[in-house]
Amino acid sequence: MVVSLAFLVAGAAKGVVGFGIQVVALAILTIALDLLTAMAILLAPAIVTNIWQSMVGGHIRELLQRLWPFLSAVAIVVFVGALALTRVEMPWLTALLGLVMITYAAFGLSGFLLQVSPGSERWLGPVFGGVNGLLMGMTGSSMVPGTLYLQSLGLPRDMLVQAMGLLYLVAAFTLTVAMWLNGLLSIELGLYSGGAVIPALIGMLAGQKIRAQLPEKLFRRIFFVALLALGLYVLVASL
């Protein structure tokens, strides 16, 4: 019940604003489950929904040509971050997830946007990608700083949504491989994860309908306030 609810809500958020399934689902699941279990259950819904998002929009070749240094760094460093899952106590990693959520919510509520010039992308992309991969491997979240970096590039709305889908797809797929290599996935968790795909897709479809009825700016504000509150709860509860 908790898993289905988490992915219905997370899918709805993704349907409205184009992101959120990982961090929202993690936030809700870590209230009832440990972080490691939550990360494992998240994998299949994250991969399936972001295959959909990354392939729709018609800019896939252009985005891959532009973002490959960033995405490559994400994919490589995820394996380094995932080593923490077997070496660091879960409460500390859960607290880190809470800090990531709080940071992203603070940026969203403040309206502050990073700005990266085209000439800086070649070296800043791998830097942001490496930090993002490290945090993804440790917490299962790609919001900070990956999403902030993509938002800093000044991409048109449809390209930005597709670029975020690519980021989340690459991060989720490589995290799946990293967790498997570290012996952190089981058949039971795989079945739970596969079953969570359905409520995630239902939530996405519902979110797309909500987007047509609800002003996006209002929803984004509600989203970031809720994310801030969940991040604070996750941080305090973990400590």
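The values are calculated or read from the model by the stated rules, or taken from the named source; none is laboratory data. Here the structure is a predicted model, which means the values were calculated and not measured. Ideal geometry is used to build each Cβ from the backbone, glycine not excepted, and the neighbour counts take in all protein chains shown.
Residue-wise test of (1) of a type in the set (A, V, I, L, M, F, W, C); (2) touching a strand residue (DSSP E or B) at 6+ places or on another chain (Cβ under 8 Å); (3) modelled with pLDDT of 95 or more.
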| site | (1), (2), (3) |
| --- | --- |
| 59 | no, no, no |
| 67 | yes, no, no |
| 74 | yes, no, yes |
| 98 | no, no, no |
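How many of the residues making up region 151-176 are free of Cβ contacts under 8 Å to residues at least 60 places away in the same chain, in a helix (DSSP H, G or I) and touching a helix residue (DSSP H, G or I) at 6+ places or on another chain (Cβ under 8 Å)?
1
Does at least one position in region 119-130 carry a residue that is under 16 Å from residue 74 (Cβ atoms) and of a type in the set (D, E, K, R)?
Yes: region 119-130 contains one or more residues that are under 16 Å from residue 74 (Cβ atoms) and of a type in the set (D, E, K, R).
Of all residues in region 179-224, count the ones that are in a helix (DSSP H, G or I), small (Gly, Ala, Ser) and in contact with a Phe, Trp or Tyr (Cβ under 7 Å, 6 or more places away or on another chain).
So the count comes out to 2.
Taking only pairs six or more apart or across chains, which ones have beta-carbon atoms under 6 Å, a first residue in region 193-209 that is more than 14 Å from residue 9 (Cβ to Cβ), and a second residue that is part of a helix (DSSP H, G or I)?
Within 6 Å, the pairs are 193/41; 193/43; 193/44; 194/44; 197/44; 197/45; 197/48; 208/15.
Quick check on region 210-225: of everything there that is among the hydrophobic types (A, V, I, L, M, F, W, C) and free of Cβ contacts under 8 Å to residues at least 24 places away in the same chain, which residue is surrounded by the most Cβ atoms within 10 Å (Cβ to Cβ)?
Among residues in region 210-225 that are among the hydrophobic types (A, V, I, L, M, F, W, C) and free of Cβ contacts under 8 Å to residues at least 24 places away in the same chain, the one surrounded by the most Cβ atoms within 10 Å (Cβ to Cβ) is 222.
Quick grid of which residues meet (1) closer than 13 Å to residue 149 by Cβ; (2) of a type in the set (Asp, Glu); (3) touching a residue at least 60 places away in the same chain (Cβ under 8 Å); (4) part of a helix (DSSP H, G or I):
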residue	(1), (2), (3), (4)
54	no, no, yes, yes
68	no, no, no, yes
75	no, no, yes, yes
80	no, no, no, yes
88	no, no, no, no
94	no, no, yes, yes
100	no, no, yes, yes
121	yes, yes, no, yes
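Tally up the residues in region 1-27 that are assigned to a helix (DSSP H, G or I) and under 25 Å from residue 177 (Cβ atoms), please.
Matching residues across region 1-27 total 13.
Considering only region 107-130, I want to know if a residue exists there that is buried (at least 19 other Cβ atoms within 10 Å of the Cβ) and closer than 25 Å to residue 34 by Cα.
no
Would you mention how many residues in region 177-205 are small (Gly, Ala, Ser) and surrounded by fewer than 17 Cβ atoms within 10 Å (Cβ to Cβ)?
Of the residues in region 177-205, 5 are small (Gly, Ala, Ser) and surrounded by fewer than 17 Cβ atoms within 10 Å (Cβ to Cβ).
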